[in-house]
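**Student:** My questions will all concern the structure given below.
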Amino acid sequence: MPDQRALLFINASQLVTCAGPPRARRGKEMAEIGILKNSAVAVSDGRIAMIGAASDLRNAYADAEIVDCKGGVLTPGLVDSHTHAVFGKARFEEHEQRAAGLDYMEIANRGGGIHASVRDFRARPEDELYAMAADRLRELASYGTTTVEIKSGYGLTTDDELKALAVIGRLAERQPLRTVATWLGAHEIPHEYRTDSSQREKFIDALVDVQLPKVVEQGVARFADVFCEPGVFTVDETRRILEAARRAGLGLKLHADELKPSGGAELAVQLEATSADHLAAVSHQGMAALAKSDTVATLLPGTMLFLGKSKQGPARELIDQGAAVALATDFNPGTSPTVNFPLIMTLGVSQLRMSLAEALIATTVNGAAALGLAGEIGQIAPGFSADLALFSITDIRELPYWYGARLCVGSWKAGAPCHPYESVTKFHARPPEVVPTG
Ligand code: NIG
Ligand code: FE
């Protein structure tokens with residue numbers, strides 16, 4: 001790759017670095033985000049080279065291209081560590097069905113839910129799925145996300161799962177975001193394996209003995225994930241699949257304790273999984289196990305909101321007990337059709353009672369740790385990849401505050417544009433200071 005021209009980011013009203021050790025932040029460490037004022041950032045060969053006073057950096061990088069942040073806030077690019085962004089049709093009819101009283105599992109048992117996406121996915125050619133996903137990634141990027149994890153899981157045959165992973169591979173090559181591929185062949189038991197109870201084991205045998213080896217041979221996934229939930233995969237089935245995946249060299253993730261507690265979090269810790277995700281129904285034992293482990297607890301509050309649940313993941317308890325908490329969108333057509341990652345931060349603060357700093361660490365450093373990338377992205381510090389997001393605000397606390405707004409006005413991955421830079425023109429909170437009277 002040819003050397004890129006150096007970049008110099010100047011005139012940010014705040015530079016929020018999240019700088020610190022290159023690992024997940026846990027407990028009280030999540031309160032530190034490092035806000036710098038009057039500071040500029042130099043980027044050379046796609047990496048953060050120097051942070052300091054603009055005048056010093058201008059001397060050191062005289063030939064650099066200037067990016068004028070015009071008073072906006074510059075942060076690490078957001079790291080969305082849990083999505084199902086490769087899918088076909090939307091599933092808006094289920095939204096109303098839930099409002100009318102059907103729950104998520106009932107819809108699935110009637111052939112809707114994941115099964116509806118599977119039927120649709122299998123019928124679409126790879127090129128079409130690629131084009132749909134590419135549009136969705138552009139949308140994710142437009143809210144400040146520069147890294148996105150994407151799971152397979154709507155194919156559920158070996159060929160269709162490989163088709164999903166091939167789409168993710170093409171996205172990685174052709175789209176500006178950083179992508180991480182996860183094999184989720186165990187997202188659901190497909191209909192063709194539900195004719196009698198012995199079929200279930202045959203499906204799992206095929207996952208472990210046929211599908212997993214092909215995924216590994218093709219080198220198309222970095223992680224394996226299983227939907228471990230009563231009514232979907234049991235703890236024992238999940239253990240079998242993930243132990244095989246680990247032996248084959250994949251990192252591990254779990255959809256754990258989303259709707260009912262079944263020991264998914266405890267299993268994640270036993271298997272030393274990189275992350276345990278969802279956790280809205282995690283048990284006290286599961287929380288205690290996570291707090292003592294290196295497994296990142298990834299909460300997905302958009303999913304609980306969209307499903308109409310009053311319960312949310314116990315962020316406060318997890319952080320107070322010393323766990324490393326990440327937030328992610330869970331972007332998918334059934335339970336979380338949002339591309340707006342800052343909105344998930346809003347839910348982190350408003351519903352999960354996280355501080356702004358905790359919510360930001362959860363979407364940067366800890367998102368990176370949930371992907372095994374905490375030494376590469378998630379912070380603005382010398383040597384890290386220059387993955388950056390610029391927001392049209394003057395105080396980082398505004399990012400979750402103006403909820404639902406699209407405030408990102410530019411983002412970069414390794415110094416290359418991700419979401420094209422738009423000039424910072426409007427600010428949401430800029431009335432002149434006044435001295436209240438009376
Ligand atoms: O993370 N929980 C399982 N998988 C997705 C939902 C997938 C779907 O409904 O299409 C989730 O919520
Ligand atoms: Fe999910």
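The values are calculated or read from the model by the stated rules, or taken from the named source; none is laboratory data. Keep in mind that this is a model prediction, so the values were computed, not measured. Glycine also receives a Cβ, built like all others from the backbone with ideal geometry; neighbour counts cover every protein chain displayed.
**Student:** Inspect region 267-275 for any residue being closer than 19 Å to Val349 by Cα and more than 16 Å from ligand 2 (Cβ to nearest atom) and give the result as yes or no.
**Tutor:** Within region 267-275 (the criterion being closer than 19 Å to Val349 by Cα and more than 16 Å from ligand 2 (Cβ to nearest atom)), the answer is no, since none of the residues qualifies.
**Student:** Checking the condition outside any strand (DSSP E or B), more than 16 Å from ligand 1 (Cβ to nearest atom), in contact with a helix residue (DSSP H, G or I) (Cβ under 7 Å, 6 or more places away or on another chain) and closer than 17 Å to Ser117 by Cβ, which residue from Lys163, Lys214 passes?
**Tutor:** Lys163
Let's see how each residue does on (1) touching a residue at least 12 places away in the same chain (Cβ under 8 Å); (2) surrounded by 15 or more Cβ atoms within 10 Å (Cβ to Cβ):
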| residue | (1), (2) |
| --- | --- |
| Ala90 | yes, no |
| Ala100 | no, no |
| Tyr104 | yes, yes |
| Ala108 | yes, yes |
| Ala116 | yes, yes |
| Pro125 | no, no |
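**Student:** For region 325-340, what are the residues that are in contact with a strand residue (DSSP E or B) (Cβ under 6 Å, 6 or more places away or on another chain) and within 6 Å of ligand 1 (Cβ to nearest atom)?
**Tutor:** Within region 325-340, just Asp330 meets the criteria.
**Student:** What pairs can you find where one residue is in region 236-254 and more than 16 Å from Gly219 (Cα to Cα), the other is basic (Lys, Arg) and at pLDDT 95 or above, and their Cβ atoms are less than 8 Å apart, with a gap of 6+ or different chains?
**Tutor:** none
**Student:** Looking at (1) touching a helix residue (DSSP H, G or I) at 6+ places or on another chain (Cβ under 8 Å); (2) more than 14 Å from ligand 1 (Cβ to nearest atom); (3) of a type outside the set (Lys, Arg), which is the one condition that is false for Leu307?
**Tutor:** Against the list (1) touching a helix residue (DSSP H, G or I) at 6+ places or on another chain (Cβ under 8 Å); (2) more than 14 Å from ligand 1 (Cβ to nearest atom); (3) of a type outside the set (Lys, Arg), Leu307 comes up short only on (2).
**Student:** Taking into account only those residues within region 237-260 that are within 13 Å of ligand 1 (Cβ to nearest atom) and part of a loop (DSSP other than H, G, I, E, B), which is farthest from Leu299 (Cα to Cα)?
**Tutor:** Across region 237-260, the extreme among qualifying residues is Lys260.
Residues checked against (1) of a type outside the set (Lys, Arg); (2) within 18 Å of Trp412 (Cα to Cα):
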{"position": "Gln4", "(1), (2)": "yes, yes"}
{"position": "Leu8", "(1), (2)": "yes, yes"}
{"position": "Asn11", "(1), (2)": "yes, yes"}
{"position": "Lys28", "(1), (2)": "no, no"}
{"position": "Ala31", "(1), (2)": "yes, no"}
{"position": "Gly34", "(1), (2)": "yes, no"}
{"position": "Ala42", "(1), (2)": "yes, yes"}
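**Student:** How about region 31-141: which helices (runs of 4 or more DSSP H) wholly inside it have at least 2 residues that are within 16 Å of ligand 2 (Cβ to nearest atom) and touching a Pro at 6+ places or on another chain (Cβ under 7 Å)?
**Tutor:** Because the criterion is at least 2 residues that are within 16 Å of ligand 2 (Cβ to nearest atom) and touching a Pro at 6+ places or on another chain (Cβ under 7 Å), the helices (runs of 4 or more DSSP H) in region 31-141 that meet it are 114-123.
**Student:** List the residue pairs whose Cβ atoms are under 6 Å apart, where the first residue sits in region 62-83 and is without any contact (Cβ under 8 Å) to a residue 40 or more places away in the chain and farther than 19 Å from Leu399 by Cα, the second is β-branched (Val, Ile, Thr) and within 16 Å of ligand 1 (Cβ to nearest atom), and the two are 6 or more positions apart or on different chains.
**Tutor:** Here the result reads none, with nothing in region 62-83 linked to a residue that is β-branched (Val, Ile, Thr) and within 16 Å of ligand 1 (Cβ to nearest atom).
**Student:** Test Arg136 against the criterion of being surrounded by fewer than 24 Cβ atoms within 10 Å (Cβ to Cβ), within 16 Å of ligand 1 (Cβ to nearest atom) and under 24 Å from Lys413 (Cα atoms), and give yes or no.
**Tutor:** Taking the combined requirement at face value, the residue satisfies it.
**Student:** In addition: Report whether or not Gly286 is touching a helix residue (DSSP H, G or I) at 6+ places or on another chain (Cβ under 7 Å) and either assigned to a loop (DSSP other than H, G, I, E, B) or within 14 Å of ligand 1 (Cβ to nearest atom) (or both).
**Tutor:** It is false that Gly286 is touching a helix residue (DSSP H, G or I) at 6+ places or on another chain (Cβ under 7 Å) and either assigned to a loop (DSSP other than H, G, I, E, B) or within 14 Å of ligand 1 (Cβ to nearest atom) (or both).
Okay, residues lined up against (1) surrounded by fewer than 16 Cβ atoms within 10 Å (Cβ to Cβ); (2) touching a residue at least 24 places away in the same chain (Cβ under 8 Å); (3) aliphatic (A, V, I, L, M):
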{"site": "Lys151", "(1), (2), (3)": "no, yes, no"}
{"site": "Leu171", "(1), (2), (3)": "no, yes, yes"}
{"site": "Lys202", "(1), (2), (3)": "yes, no, no"}
{"site": "Val220", "(1), (2), (3)": "no, yes, yes"}
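**Student:** Please specify each residue of region 365-388 satisfying the condition of being of a type outside the set (A, V, I, L, M) and either closer than 21 Å to Tyr403 by Cα or part of a helix (DSSP H, G or I) (or both).
**Tutor:** Scanning region 365-388 gives Asn366, Gly367.
**Student:** So if I check each of Ala297, Ala362, Ala324, which one is modelled with pLDDT of 95 or more and closer than 29 Å to Ala40 by Cα?
**Tutor:** Ala362
**Student:** Does Ala265 satisfy the criteria of being under 25 Å from Glu243 (Cα atoms) and in a strand (DSSP E or B)?
**Tutor:** No.
Residue by residue, here is whether (1) modelled with pLDDT of 95 or more; (2) basic (Lys, Arg) holds:
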{"site": "Ala369", "(1), (2)": "yes, no"}
{"site": "Leu399", "(1), (2)": "yes, no"}
{"site": "Lys413", "(1), (2)": "yes, yes"}
{"site": "Val424", "(1), (2)": "no, no"}
